[in-house]
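Data block below; observations after.
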Amino acid sequence: MAEEEDGQAKEFKLLGILDVQRTPCARDAILHGAGGSVAAGVLYFLATSRVKRSFDVGFAGFFLTTLGSWFYCRIHHAKLRVQQRLIQEGIKNKVMYEGTALDPTKNPKSEAPSGPS
């Protein structure tokens with residue numbers, strides 16, 4: 001019973017729907033978004049000295065940086081999964097066909113003339 005409580009205590013859900021620890025790329029995207037919001041807000045404030053508008057720019061920076069980081073990471077992971085699947089299929093085929101006539105690594109012997117011409 002104590003283990004179940006510990007497991008639930010470790011979960012962190014953003015807005016009650018997104019489990020940050022179990023969702024791939026969520027943690028990194030939110031951290032990048034936080035950095036982007038601080039940078040955008042502070043730079044805009046230093047340039048204009050408008051507090052409310054700097055907050056708005058910071059929020060927009062968070063939103064855009066988070067989405068950009070999320071999509072970049074998800075695309076990267078999708079490509080990685082495709083590469084892993086191709087490698088796994090290649091290894092499976094190599095193990096299955098190794099030593100048979102269908103072995104793709106086996107070089108067919110070139111046909112040489114059987115005797116002097």
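Tabulated values for the structure
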quantity: Inter-residue pairs, beta-carbon under 6 Å, first under 20 Å from L31 (Cβ atoms) and among the hydroxyl-bearing types (S, T, Y) and in the stretch 69-94, second open to solvent by 100 Å² or more (accessible area, probe 1.4 Å) and outside any helix (DSSP H, G or I), 6+ apart; calculated: none
quantity: Search result, residues across the stretch 22-53 that are within 14 Å of the chain's Cα centre (by Cα), open to solvent by 50 Å² or more (accessible area, probe 1.4 Å) and free of Cβ contacts under 8 Å to residues at least 24 places away in the same chain; calculated: R22, R27
quantity: Failed criterion for G90 (all others in (1) modelled with pLDDT of 90 or more; (2) surrounded by 10 or more Cβ atoms within 10 Å (Cβ to Cβ) hold); calculated: (1)
quantity: Residue within the stretch 68-79 that is over 30 Å from Q21 (Cβ atoms), open to solvent by 70 Å² or more (accessible area, probe 1.4 Å) and out of contact with any helix residue (DSSP H, G or I) (no Cβ under 7 Å at 6 or more places or on another chain) present; calculated: no
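The values are calculated or read from the model by the stated rules, or taken from the named source; none is laboratory data. Note that the coordinates shown come from a computational prediction; the quantities given were computed from them, not determined experimentally. Virtual Cβ from ideal backbone geometry, glycine too; neighbours counted across all protein chains shown. Surface accessibility is based on the protein's heavy atoms, side chains included, excluding ligands, DNA and RNA. Shrake-Rupley method; radii C 1.70, N 1.55, O 1.52, S 1.80 Å.
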